[in-house]
Ligand code: F0G
């Protein structure tokens, strides 16, 4: 008998978590203005708000932290991290930043001017924020298949090449770079195929444009290429990563995801001019060029985490856990973005809460109901997160409206997955009785989902 997969690690340290009562949760979510970002973490039982910075580090990473070099300039830990990044990505110029959005801030401060048009697949919320706050726009050319959650399509993160071509033709000189987000978070943690990346490179060359990877979950993307794309089954994850990045010019990285750390980020590129400007902006906004907002020990942990998480077994156990949860939801008939993404499941809320009008935010409503049911905190990746159109100030209801259940790396067991699935089933079974959602009582002009105040419509 073939043995099933299992985690390539065992547990050495645990952190207690607590179950609360429904009465407590009703009080807490009201106090939080029905916004789960405003809850205290202790009011949460299983926390699926994000897989960002919520990972469990390995003993090797913790040991590395003790060896961190805290020198202001030229720290050994910086060179260790830079060497690993160059080995995995092929990019030789490295600018550390404290997290992914800081990398965006540093690089976009140079590349994006008012009126610029960034084209590519879906920019994540902070990326979109860093584009729109500079009076520029982002055009999301993600394939149409991503809009139909029930369609099985292996690379829903892909860019529609025709749409990209049209956008490049139309905006020509206004395009500072083409953005490829791997995996495509907003579309459901969905991967981009190597074939698609190559096609984008071809177009980029035709129009003389550079490609920037938003690579927060690049290793998960490589896992999907290996397991789904013909010709890559025998390649190692590291080989696939190297090839992927060879078609790009630069990357911004939130190390809080695929480097399996709690904090960190960087920009890596082979474009000398981008690097020179990033270095200067980095010094202004983040810190000196060889630490950029990170402690030496953080850079050590990133270096080790990147090595570990570009090994197949590590990614396999992580993604198979997401697929384990997906199989449970299949059993209960709960609709999510298919096939399951790399870092979590994205429940198609309008398909569950069919009586809740879009103006009353179905995914946010489902997020609240799941919290009330079992103290499980998911996160809305939908109409609230989409913000208002910067010009018309209308809500943007054109995209997906997901409740995201993001699974932190190496943190929860499959027993937790069973609890999550059961809680969601209980909510699902009551779906017909849910006729109203929530309304906004206060919102920020941009990135409103973090701080929005809501109340039940009825
Ligand atoms: N790019 C992508 C694709 C992301 O998912 C994120 C963060 C960032 C950039 C920004 O990185 O948080 O280090 O500043 N996503 C988190 C999430 C917050 O929950 O998906 P950061």
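A few comments on the model shown:
- Which listed residue, of 278, 219, 268, 259, is buried (at least 23 other Cβ atoms within 10 Å of the Cβ), part of a helix (DSSP H, G or I) and in contact with a strand residue (DSSP E or B) (Cβ under 9 Å, 6 or more places away or on another chain): 278
- Odd one out for residue 227 among (1) at pLDDT 95 or above; (2) within 15 Å of the ligand (Cβ to nearest atom): (2)
- When residues of the stretch 87-105 are limited to those that are in a helix (DSSP H, G or I) and more than 15 Å from the ligand (Cβ to nearest atom), the one surrounded by the fewest Cβ atoms within 10 Å (Cβ to Cβ): 87
- Selected residue (criterion: nearest to the ligand (Cβ to nearest atom)) from residues of the stretch 170-195 that are farther than 19 Å from residue 386 by Cα and not in a loop (DSSP other than H, G, I, E, B): 178
- Hits in the stretch 196-216 - residues which are within 16 Å of the ligand (Cβ to nearest atom) and part of a helix (DSSP H, G or I): 197
- Selection within the stretch 111-133 - more than 16 Å from the ligand (Cβ to nearest atom) and assigned to a loop (DSSP other than H, G, I, E, B): 113, 114, 115, 116
- Scope the stretch 42-53; condition crowded, with 20+ Cβ neighbours inside 10 Å and either under 11 Å from the mean Cα position of the chain (by Cα) or within 9 Å of the ligand (Cβ to nearest atom) (or both); matching residues: 49, 51, 52
- Checking each residue in the stretch 246-256 for being buried (at least 24 other Cβ atoms within 10 Å of the Cβ) and more than 8 Å from the ligand (Cβ to nearest atom) picks out 248, 250, 251, 253.
- Conditions (1) in contact (Cβ under 8 Å) with a residue 40 or more places away in the chain; (2) within 16 Å of the ligand (Cβ to nearest atom); (3) in contact with a helix residue (DSSP H, G or I) (Cβ under 6 Å, 6 or more places away or on another chain); number of the one not met by residue 108: (1)
The values are calculated or read from the model by the stated rules, or taken from the named source; none is laboratory data. It should be emphasised that the depicted structure is a prediction, and the values quoted were computed from it without experimental measurement. Ideal geometry is used to build each Cβ from the backbone, glycine not excepted, and the neighbour counts take in all protein chains shown.
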